[in-house]
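**Q** Could you have a look at this structure, given as C-alpha cells, before my questions?
The values are calculated or read from the model by the stated rules, or taken from the named source; none is laboratory data. The shown structure was predicted, so the numbers you read here are calculated from the model rather than taken from an experiment. For neighbour counting, all protein chains shown are included, and Cβ atoms are generated from backbone atoms with ideal geometry for every residue, glycine included. When the accessible area is computed, the model is the full protein with side chains, heavy atoms only, and any ligands, DNA or RNA have been set aside. Shrake-Rupley method; radii C 1.70, N 1.55, O 1.52, S 1.80 Å.
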Amino acid sequence: MENIIKDIEILGGEQAPEACDYKTTAEENTGKIKKLYIESYGCQMNFSDSEIVASIMKEQGYDTTADFNKADVIFLNTCSIREKAEQTVRQRLNNFNKVKKARPEVTIGVLGCMAERLKDQLLAEEKSVDIVVGPDAYRDLPNLVNQADDGIRGINTFLSREETYADIAPVRLNSNGVTAFISIMRGCDNMCSFCVVPFTRGRERSRDPQSILAEAQDLFAKGYKEVTLLGQNVDSYKWSPEENNKARLEKKTDEVSTVVTFAHLLEMVAQVSPDLRVRFSTSHPKDITDDVLYTIKKYDNICNYIHLPVQSGNSRVLKMMNRTYDRAWYIERVQKIREILGDECGISSDMIAGFCSETEEEHLDTLSIMDIAQYDFSYMFYYSERPGTLAAKKYADDIPLEVKKRRLQEIIDKQGALSLERNKMDLGKTHRVLLEGFAKKSNEQLMGRNSANKVVVIDKGAHQIGDYVDVLITDYTRGTLFGTVVNTQPIAAL
Ligand code: SAH
Ligand code: SF4
Ligand code: F3S
C-alpha cells in the first residue's frame, strides 16, 4: 500500500493540519513476527507520542508496517482539538470496521486525545474498537493488547501528574534521518477557554533535562542535524530539584541541582554541537521571556523562528479566551523579538475566527495585529465549540457559520499577502539551509529550511539530504523560496 504521508507543513494562507491530515507508520523490518500499524492525527506532540507507542510495542515483538492489511494491531492516535478532527477519525473507524469483519483477530485501538475525551463512550459506540487508551497510559498497552487477544475489551484513560516517558527511546517513524522531535514536557495548565487540551492531556509536567539532553546527543550521534523541542507551552518548562524530587531520588542522582528553565534547557541542547540545529514549539505570549530571546541570539544553531499564537487581536476576546495577555502585551512581545532578534526572525501564529460574541470590529483587530506582527505564516481556524471547555460552559457559540467562514477567509487572505511580502524580502539574500528531502514537485530538486523556518528549494546537483548549504534566493512564492547554492561547507566551519 502506498504510504500516505501528507505534507503537514502549512504555509501562508492555508488551513492547518489537525483536522484532515494524518501520518502512517513506515515499514520497518527488524525480523519481528508481529506487525503494528499506527495512524496519527493532530499536533506534533501526538506524532511524537506515536514514536513512544511504537517503542513500547517493539519491546513486545512488533515491527511497524505501512499496510494495515498486514497488521496484527491497528492504532489510531487521535485528536480532539476541533469537531472536524473527531469526525475524520469516526469516518476512518468505519473503514476499519470492514477490516475487523474480514479479520476478527486484528486488535484495533483508539489512542490519544479522543480516547481521553470520550473514554468508555468510544467503546460503547465503536464496536470494532478493542482498546481505548489515553496519552498517559501507553505503558499499559502491552497488557491491554494481550487482554484483547483473549477477547477482553479494555480501557485506560488514567491521567498522570508525573508520566513523561523520559526513559523510553522513541522509534523514529517516517524519519528523514535529519530532523527529529523531542518532547520536553506534557500536558497544559493554561485553561484557554476554547481548548480541550488540558482535559485530554492533563496537568503540565516537565521532563528531566538530562534525559532530553541524552536524547539530543543520541540523535546527533546517529546523524540527525536538527531537533525540535516540543511542548504546549515550552516557556513554562521548569525542572527543579524540589518539584521533581521524587523522580530524582528514584534515579539516585543529583546531577541537576538548580532550577532549569526553558532558556537553560535551550542552551544545554544548543551546546550538544554547533552542527545540531535547535527549534522549539509552542511559545506562549504570556510566558516567553527576554532570557529565551537572548539565548536564541547567543547561539547560531538556535533557529531564529518563534511560533507565537495570538488567537485574536482584540483584548476583550482574548480575555474571554482566558489567554491572560492583551493586545498591547502581545505587541510588546513582538517588538521585543524584533529588537533582540531583528526583522528576519520568523514569527508564525494561530488564529481563531468567530469566537463567541466576536464583533466585526474585534475581527478587524485580528487582521490589524497580523499586519503589526508581520507573520511569515499562520495556522488559521474558525471556532469549533468543544464539549466540557470553559467557553462551552460559559458562552454561546453565537457567530453564524457563514460569518465564521467569511472572517476566516479574510484572515487567510491577509496571511497570504503577508507571506508573499515576507518572502519577497528574502530575494537576493543568502540563507543557510539544512536539506531535509526531495522537493514536492521534482526529484531533481531538494528542499530544506532556513533558520526562520522558510521552505527553500534548490536544484539537487551533487547535494545530499542532511547537508547544510548556503543558498542565494532568486525567486519566491507565498509558500516557498527558490535559490542557488553558493557554499556547501558545514555550519561549524563557516
Ligand atoms: N498550545 C498551543 C496550541 C495548541 S492547539 C498554544 O497555546 O498556542 C493548536 C491551535 O488550535 C490553537 O492555537 C488554536 O488556534 C486552535 N484551537 C484550539 N482549540 C480550538 C477550537 N476549539 N476551535 C478552533 N481552533 C482551536
Ligand atoms: Fe490549549 Fe491554551 Fe494550553 Fe495551548 S496554552 S494547549 S491553547 S489551553
Ligand atoms: Fe489534538 Fe491532542 Fe494535539 S487534541 S492538537 S492531538 S494535544
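**Q** Whole angstrom only: what separates the Cα centroid of the range 419-450 from the Cα centroid of the range 90-167?
**A** 40
**Q** Just the accessible area for H264, please: 1.4 Å probe, Å², rounded to the nearest 10?
**A** Looks like 90 Å² after rounding.
**Q** Just read off the accessible area of E344 with the full protein assembly in place, 1.4 Å probe, to the nearest 10 Å².
**A** 90
**Q** What number in nm² do you get for the range 404-462 if you take the convex hull of its Cα atoms and divide its surface by four?
**A** Spelled out: convex hull of the Cα atoms, projected over all directions, averaged, 5.4 nm².
**Q** For the range 347-436, run through the trypsin sites (Lys or Arg not before Pro) and keep only the ones in DSSP coil with at most 15 other Cβ atoms within 10 Å of their Cβ.
**A** K429
**Q** OK, next. Given contacts defined as C-alpha pairs under 8 Å and at least six residues apart, what's the relative contact order of the range 18-156, whole-number percent?
**A** That works out to 22 percent.
**Q** 5 Å is the cut-off here: which amide hydrogens, built 1.01 Å from N in the peptide plane, fall below it relative to V471, excluding neighbours closer than 5 in sequence?
**A** Correct list: H431, R432, V433, V486.
**Q** Keeping all protein chains in the complex and leaving out DNA, RNA and ligands, what accessible area do you get for T200 with a 1.4 Å probe, in Å² to the nearest 10?
**A** Surface accessible to solvent at T200 totals approximately 0 Å².
**Q** Using each residue's phi in the range 178-187, evaluate 6.51 cos²θ - 1.76 cosθ + 1.60 at θ = phi - 60° and report the 3J(HN,Hα) Karplus result to the nearest Hz, with x for Gly and Pro.
**A** Calculated HN-Hα couplings, in order: 10, 10, 8, 10, 10, 7, 9, 7, 9, x Hz.
**Q** Assuming R0 = 30 Å, what is the FRET efficiency of R153 and D290, from their Cβ-Cβ distance, to the nearest 0.05?
**A** 0.05
**Q** Suppose all protein chains stay in the model; what accessible area per residue would a 1.4 Å probe give for the chain, in Å²?
**A** 41
**Q** Cα convex hull of the chain: how many Å³ per residue?
**A** Once divided by residue count, the hull of the chain is 149 Å³.
**Q** Report, for the chain, the % of DSSP beta bridges that are antiparallel, rounded to 5.
**A** The antiparallel fraction comes to roughly 40 percent.
**Q** Same structure again: Keeping every protein chain in place, order R153, R117 by accessible area at 1.4 Å, biggest value first, i.e. largest first.
**A** Ranking R153, R117 by accessible area, largest first, yields R153, R117.
**Q** Ok, one more. Too long at a 23 Å Cα-Cα cut-off: which of K286/K404; K225/K286; K23/K441; K238/K394; K238/K298; K34/K100?
**A** K286/K404; K225/K286; K238/K394
**Q** What nm distance separates the two modelled labels at A26 and Q87, each placed 7 Å from Cα along Cα→Cβ?
**A** Spacing of the two 7 Å Cα→Cβ label points: 3.3 nm.
**Q** Here's a follow-up. Compute the FRET efficiency between E444 and A169 as 1/(1 + (r/R0)^6), taking r as their Cβ-Cβ distance and R0 = 45 Å, and round to the nearest 0.05.
**A** Efficiency, rounded to the nearest 0.05: 0.80.
**Q** Could you name the aspartates and glutamates whose alpha carbon sits less than 17 Å from that of K70, not counting residues in the same chain fewer than 8 places away?
**A** E2, E27, E28, E39, E105, D149
**Q** Please quote Rg/Rh for the range 136-219 to two decimal places, taking the Kirkwood radius as Rh and restricting both calculations to Cα atoms.
**A** Here the Rg-to-Rh quotient is 1.04.
**Q** Hey, what's the Kirkwood Rh for the range 18-156 if you take every pair of different alpha carbons, in angstrom?
**A** 14.6
**Q** OK, next. Over 34 Å apart: what share of the alpha carbon pairs of the range 179-424 falls there, rounded to a whole percent?
**A** Summing the P(r) of the range 179-424 above 34 Å gives 21 percent of all pairs.
**Q** List the residues whose amide H sits under 5 Å from the amide H of K238, counting only those 5 or more places along or on another chain, with H placed 1.01 Å from N in the peptide plane.
**A** Those qualifying (amide H under 5 Å, at least 5 residues apart or on another chain) are S206.
**Q** Where the accessible area of the range 187-239 is counted over protein heavy atoms with a 1.4 Å probe, how much of it, in %, is carbon and sulfur?
**A** 53
**Q** Please list log₁₀ I(q)/I(0) at q = 0.28 Å⁻¹ for the range 320-384, using the Debye equation with identical point scatterers on the alpha-carbon positions.
**A** Debye intensities relative to I(0), on a log10 scale: -1.42.
**Q** For a Förster distance of 41 Å, can you work out the FRET efficiency between the beta-carbons of D475 and E385, rounded to the nearest 0.05?
**A** E between D475 and E385, to the nearest 0.05, is 0.45.
**Q** For the range 430-493, count all C-alpha to C-alpha pairs, find those more than 14 Å apart, and express that count as a whole percent of the total.
**A** In whole percent, the share of Cα-Cα pairs in the range 430-493 beyond 14 Å is 47.
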